Amino acid sequence: MQICMKKRMEACNMLELYVTLVKAGIRTLDSVPAAFREKVKAAIEAEKQE
């Protein structure tokens with residue numbers, strides 16, 4: 001159980017990292033790994049709507 005929680009936390013941290021890097025212009029959305037790309041795009045769009 002603890003391993004699952006750790007992996008979920010790491011995925012969350014990676015998502016935040018990719019969102020930050022894309023917003024800063026350090027990475028492009030296309031350079032984000034496919035596993036995170038849609039979630040990063042959704043997170044950025046959600047922030048724009050706020």
Scanning the stretch 1-39 residue by residue, the ones that are of a type outside the set (Lys, Arg), assigned to a loop (DSSP other than H, G, I, E, B) and modelled with pLDDT of 95 or more total 5
Pairs under 7 Å by beta carbon, first residue farther than 15 Å from residue 45 by Cα in the stretch 9-29, partner modelled with pLDDT of 90 or more and not aromatic (Phe, Trp, Tyr), six or more apart or different chains? 27/21
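The values are calculated or read from the model by the stated rules, or taken from the named source; none is laboratory data. Remember, it's a predicted structure, so these values are computed and weren't measured experimentally. Don't worry about glycine lacking a Cβ; one is built from the backbone with ideal geometry, like all the others, and counts go over all protein chains shown.
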